[in-house]
Amino acid sequence: MIREQDKGMSVIVKTVTRFTMGLILLYGIYILSHGHLSPGGGFAGGVIVALSFVLLMLAYGKETALKKFPKGVVSFFENAGAIMFLSIALLGFTGGYFFLNFLDKGEPYKLFSAGIIPLCNIAISLKVGAGLFAIFVALVLVKLESEKKV
Amino acid sequence: MTIYFLCLVLFCVGLYCVLRKRNIIKIIVGIIICEYAVNLFFILAAYRVGGRAPIFSAQTDISNMVDPLPAALVLTAIVIGLATTALLVAIAMRIYEKYGTFDITKISELRG
Amino acid sequence: MPQANIIPLFIAISLGGAFLISIIGRRIKGFPDLMGNLTTFMLLCLSVSALKLSNSYGTIIYSVGSWKPPAGIAMVLDGFTSFMLVTINLVAFIVSIYAINYMEKYTSKWKFYTLFLLMLAGMNGVILTGDIFNLFVFLEIASVASYALVAFGTERHELEAAFKYAVMGTIGSLFILIGIVFLYSYTSTLNMADMAAILAHKGIGNVGLLVSVLFIMGFGLKAALVPFHAWLPDAHPSAPAPISAMLSGVLVKSLGVYTICRIFFNVIGFSLEISSLLMFLGAASMVIGVFLAIGQWDFKRLLAYHSISQIGYVILGIGLGTPLGILGGLFHLFNHSIFKSLLFLNSGAVEYSTGTRNLQKMGGLREKMPVTSATSLTASMAIAGIPPFNGFWSKLLIIIAAVEAGRFGYAFLAVLASIITLASFTKVLKYAFFGKLREKWNNIKEVPLFMALAMAALAFICIVGGVMLFPGIVTSFLKPAADVLSEGAKYSVTVLQGVANSPTGHSVE
């Protein structure tokens, strides 16, 4: 029990992280879901989502974060995002064109509008969020290996 | 006009850093500076005098906006820069693992 | 027209293959091989049908998402594009067959295939796109994948070479991006055909000059022309052999030579200054590359220097600007992708069996590795320009074109470089394959089936490559490609007309 406490940073950081992580995650989801209405979108939202997990990793240490999100899961999400984006693009062929916006455009300035753009944003944010987190994890783990050797 | 030249100066600072410094990490930082100088220049090229941010909403009219396209393009360029930087950092870490130094004069085994 | 729908598939299939391998391949053994080869085979079939399509319909414009160019992104399929597509996907298919056996010695095959297909997607995208920023994005996809592939072995030399390559490649890309910024702010468009029309109307002026210099630096670095060549002899030998074959065979050409041709012939417009600059750079690469090559003892490093030299031939031929010169240059581009890929695969085969790349340690391998030595002999004859093989015909065309244009000096240099190339490959053959077999190599075996098959296929193309110049065949493969360049100004007119004629699609107001 004491060991669990020692991993990561101090109690203050951990407590603040516990409060803020959900908010950051929610803000990221807000940014990505309103990508077709306001500045932001898939990339920015995905980065914010990834940062919330990076914060978790910094505050609680590698083991806690990797227990919640193993490397395999992260890279699965990354590839799933890419395949989702590609299949949205290929579904455009149902209307005769690659990347055709084949869904109903809806009413402008509403959340559920703009056809495939929100779906694309979700796919991009999956790819970017998982990708950025995977880069972070990969860099941290490389360091671990070199430390082991020395 | 001055501001465009400042971009050029920033680019040259980055280039100097890449060419002159011996530490791998400093070279990577130099590349990042170069990238951001170019991105900044691209954004500035889109500016119009008195223009406002190109955000489209129900209330505002679309006249007098700055060019929105470079913003989208720069975002793409930033993503590419992120990928390159991540790869460079990963390679730099592996190099440190193998050679035990960040000094490029000590790791030049490929010649001729 | 419905057949035009195959155009975006080049990018979609290769990306889809890459991500599927990454998601499934790590769990199921054998899946990466199957999926990788299936993908490249499909791409080869598609590129052959694209060639047929462009032969029968001329230039085809595909508007992505049915957004009309110039506002939307366009993909353009013309003679030059389909020529490059066939070259790239042919080499990629053969290389991926070779990789089935060769990559056994590395631990994670799925990573290799994922990066390989990403690089292929980037190259196909560069070739197909009609939008200059899109070109930059695909160029970066291919480049980043190739940086990672050079570092694939993660040994000392590979990491060092990859770092050098990545730093220089990134700086080159930044020069290209600055050039694109200037062009965009001068013409207010990103579509290359539209840009060419506006540049022709407005005059290129000082901005055009600045942009030309930036693009020569950026794309010249990607093409490894001589003042910018320092990364190539490190990076190409360090990659695994199939990737060396891809890098030297097609990556340098699609990211460097193709883009130089497209930008300078079709967008900015070909002028006397650019012609003489390209010829000078080409001749310098040709001569300096070959002189640096002859002293090398590392098999793959020697081949890498020869790549610089042969790219010089291509650039010299294209830089002449005459129809015959362009035809010869493009034919040499095709031939070089075939025989240089073959030579790199040979060097990989030798390394696979003996574990060394040093020519001084080899000797007499002909007895133990008949397929490798026979194909290597074929490729060496082809690269040195011995008559029945394909390299002879393209070099002959370039030299004739140089003489016709009155450039006797360049013609002489081309002959000289060819002779030194012959000398250099005589050395390779003598030390590696002929002579007495050393005791050490008594137990080595010929390479496995798929590797031998891939090398034999490339050798066959080397032997029959001269057929391309027969009257019936030249008009369907090489001539349309050369015409796109020699009638450079027609590009923008054809594309813009094609856009205006396309029946569907909504325009952006």
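Which one of these does C:G488 not meet: (1) surrounded by fewer than 16 Cβ atoms within 10 Å (Cβ to Cβ); (2) of a type outside the set (A, V, I, L, M, F, W, C); (3) not in a helix (DSSP H, G or I)?
Just one mismatch for C:G488, condition (1).
Identify all residues within region C:424-455 that are loosely packed, with under 15 Cβ neighbours inside 10 Å and aliphatic (A, V, I, L, M); write none if there are none.
C:L449
Can you tell me which residue in region C:77-103 is farthest from the chain's Cα centre (by Cα), limited to those that are crowded, with 24+ Cβ neighbours inside 10 Å and among the polar types (S, T, N, Q)?
So, considering only residues that are crowded, with 24+ Cβ neighbours inside 10 Å and among the polar types (S, T, N, Q), the one farthest from the chain's Cα centre (by Cα) is C:S96.
Looking only at helices (runs of 4 or more DSSP H) that fall completely inside region C:113-223, which ones have 3 or more residues that are closer than 20 Å to B:C7 by Cβ?
Fully inside region C:113-223 and qualifying: C:156-187, C:205-223.
Every residue in region C:151-167 that is more than 9 Å from chain B (Cβ to nearest Cβ) and modelled with pLDDT of 90 or more, please.
C:Y165
How many residues does region C:168-203 hold that are within 14 Å of another protein chain (Cβ to nearest Cβ) and at positive phi?
Result for region C:168-203: 1.
Residues of region B:44-54 being surrounded by 12 or more Cβ atoms within 10 Å (Cβ to Cβ) and either more than 10 Å from chain C (Cβ to nearest Cβ) or over 25 Å from C:G179 (Cα atoms) (or both), which ones?
Matches in region B:44-54: B:Y47, B:G51, B:P54.
Restricting to region A:92-109, count the residues that are in contact (Cβ under 8 Å) with a residue 12 or more places away in the chain and more than 8 Å from chain C (Cβ to nearest Cβ).
Going through region A:92-109 one residue at a time, the tally reaches 3.
Across region A:88-113, which residue is surrounded by the fewest Cβ atoms within 10 Å (Cβ to Cβ) among those that are of a type in the set (F, W, Y) and under 12 Å from A:H36 (Cβ atoms)?
This residue is A:F112.
Show the residue pairs that are 6+ apart or on different chains and have beta-carbon atoms under 9 Å apart, the first residue being within region C:11-30 and touching a residue at least 60 places away in the same chain (Cβ under 8 Å) and outside any helix (DSSP H, G or I), the second being surrounded by 23 or more Cβ atoms within 10 Å (Cβ to Cβ) and not hydrophobic (A, V, I, L, M, F, W, C).
Taking only residues 6 or more apart or on different chains, the pairs are C:R26/C:P32.
Taking the condition touching a helix residue (DSSP H, G or I) at 6+ places or on another chain (Cβ under 6 Å) and closer than 30 Å to C:G25 by Cβ, does C:L51 pass? Spell out the reasoning first.
On the way: touching a helix residue (DSSP H, G or I) at 6+ places or on another chain (Cβ under 6 Å): yes; closer than 30 Å to C:G25 by Cβ: no.
Taking the combined requirement at face value, the residue does not satisfy it.
Select, from A:N121, A:N79, the only residue that is assigned to a helix (DSSP H, G or I), within 10 Å of another protein chain (Cβ to nearest Cβ), buried (at least 21 other Cβ atoms within 10 Å of the Cβ) and not small (G, A, S).
Matching residue, one of A:N121, A:N79: A:N79.
Restricting attention to helices (runs of 4 or more DSSP H) lying wholly within region C:317-429, give those where 1 or more residues are within 21 Å of C:V467 (Cα to Cα) and of a type in the set (K, R).
It comes to C:323-354, C:390-404.
Taking the conditions exactly as written (surrounded by fewer than 24 Cβ atoms within 10 Å (Cβ to Cβ) and out of contact with any strand residue (DSSP E or B) (no Cβ under 7 Å at 6 or more places or on another chain)), does C:G65 satisfy them or not?
Values: surrounded by fewer than 24 Cβ atoms within 10 Å (Cβ to Cβ): yes; out of contact with any strand residue (DSSP E or B) (no Cβ under 7 Å at 6 or more places or on another chain): yes.
So C:G65 fits the description; yes.
Considering only region C:279-297, how many residues are in a helix (DSSP H, G or I) and either buried (at least 18 other Cβ atoms within 10 Å of the Cβ) or touching a Leu at 6+ places or on another chain (Cβ under 6 Å) (or both)? Don't jump to the end; show me each part of the working.
In the first step, residues of region C:279-297 are kept if they are in a helix (DSSP H, G or I); the result is C:279-293.
Adding the requirement that they be either buried (at least 18 other Cβ atoms within 10 Å of the Cβ) or touching a Leu at 6+ places or on another chain (Cβ under 6 Å) (or both) leaves C:279, C:281-290, C:292-293.
Going through region C:279-297 one residue at a time, the tally reaches 13.
I'd like the residue in region A:41-67 that is under 17 Å from A:P118 (Cβ atoms) and within 14 Å of chain B (Cβ to nearest Cβ) and, out of all such residues, is surrounded by the fewest Cβ atoms within 10 Å (Cβ to Cβ).
A:A44
Six or more apart or on different chains, Cβ under 6 Å: which pairs go from a residue in region B:68-94 that's within 25 Å of C:H157 (Cα to Cα) and within 9 Å of chain C (Cβ to nearest Cβ) to one that's among the charged types (D, E, K, R) and in a helix (DSSP H, G or I)? Could you list them?
B:G81/B:E35
The values are calculated or read from the model by the stated rules, or taken from the named source; none is laboratory data. This structure is a prediction, so every number in the text was calculated from the model and none was measured. Cβ sites come from the backbone with ideal geometry, for glycine too, and all protein chains shown count toward neighbours.
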